[in-house]
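The values are calculated or read from the model by the stated rules, or taken from the named source; none is laboratory data. Quick caveat: nothing in here was measured; it's all calculated off a predicted structure. FYI the Cβ positions are ideal-geometry reconstructions off the backbone, even for glycines, and counts take in every protein chain you see. Remember, those area values only see protein heavy atoms, side chains included, never the ligands or the DNA or RNA. Shrake-Rupley method; radii C 1.70, N 1.55, O 1.52, S 1.80 Å.
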Amino acid sequence: MKKIEAIVRPSRLEPLKEALFAVEVKGMSISEVHGCGNQHGWKEYYRGSEVIVNTLPKVKFEIVVTDDQVNEIIQVIVKTAQTGQVGDGKIFITPVEQVVRIRTSESGNIAV
Ligand SMILES: Nc1ncnc2c1ncn2[C@@H]1O[C@H](COP(=O)(O)OP(=O)(O)OP(=O)(O)O)[C@@H](O)[C@H]1O
Ligand SMILES: [Mg+2]
């Protein structure tokens, strides 16, 4: 099992949710985050002084899937969230040791 964390533009929230439902992911968690990437924000004037505005609102999807689903989900995320402009976001994949469905005590792939 793997956890796919995708940080995307807020405008991609609804389209990505729909696209993920269409490929039958079992569950997902979505949160609002603030962050920066390679560009470390941008410069703005505030009360006459130049200040660095260094984080931007983004949306984070966390999706735990079985190993055989990973490539498909990555493709869906890239296809749905890519504009080609800086700030499109990033995908991080990490191993998940165990999943437990609390209601039934089931664990492993069937609990995802
Ligand atoms: N190395 C990282 N670690 C944790 N979060 C990151 C990292 N890189 C990007 N993020 C998150 O992803 C968001 C979008 O990153 P962004 O797309 O700007 O990455 P980038 O590397 O600067 O790529 P680009 O050059 O296309 O802008 C950031 O605001 C931050 O929330
Ligand atoms: Mg960037």
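At-a-glance table
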| read-out | value |
| --- | --- |
| Matching option when the condition is away from ligand 1 (no atom under 16 Å from the Cβ), within 16 Å of the chain's Cα centre (by Cα) and in a strand (DSSP E or B), among V76, V59, V64, V70 | V64 |
| Residue in the range 60-74 that is more than 17 Å from P15 (Cα to Cα) and either within 16 Å of ligand 2 (Cβ to nearest atom) or in contact with a helix residue (DSSP H, G or I) (Cβ under 8 Å, 6 or more places away or on another chain) (or both) present | yes |
| Residue in the range 49-61 that is in contact with a Leu (Cβ under 7 Å, 6 or more places away or on another chain) and open to solvent by less than 50 Å² (accessible area, probe 1.4 Å) present | yes |
| All positions within the range 7-29 that are within 25 Å of V96 (Cα to Cα) and in contact with an Asp or Glu (Cβ under 8 Å, 6 or more places away or on another chain) | V8, V23, M28, S29 |
| The range 92-105, subset open to solvent by 60 Å² or more (accessible area, probe 1.4 Å), more than 16 Å from ligand 2 (Cβ to nearest atom) and in contact with a strand residue (DSSP E or B) (Cβ under 7 Å, 6 or more places away or on another chain), residue nearest to N38 (Cα to Cα) | I93 |
| Residue in the range 79-91 that is nearest to the chain's Cα centre (by Cα), counting only those that are open to solvent by less than 100 Å² (accessible area, probe 1.4 Å) and either more than 16 Å from ligand 2 (Cβ to nearest atom) or aliphatic (A, V, I, L, M) (or both) | I91 |
| Some residue of the range 1-9 being of a type in the set (A, V, I, L, M) and closer than 23 Å to S107 by Cα | yes |
| Selection count where residues are away from ligand 1 (no atom under 16 Å from the Cβ), outside any loop (DSSP other than H, G, I, E, B) and closer than 17 Å to G27 by Cβ, scope the range 79-112 | 5 |
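Rundown of residues vs (1) assigned to a strand (DSSP E or B); (2) among the charged types (D, E, K, R); (3) modelled with pLDDT of 90 or more, yes/no style:
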site: K3; (1), (2), (3): yes, yes, yes
site: I7; (1), (2), (3): yes, no, yes
site: L13; (1), (2), (3): no, no, yes
site: L16; (1), (2), (3): no, no, yes
site: A19; (1), (2), (3): no, no, yes
site: K26; (1), (2), (3): no, yes, yes
site: S31; (1), (2), (3): yes, no, yes
site: G37; (1), (2), (3): no, no, no
site: H40; (1), (2), (3): no, no, no
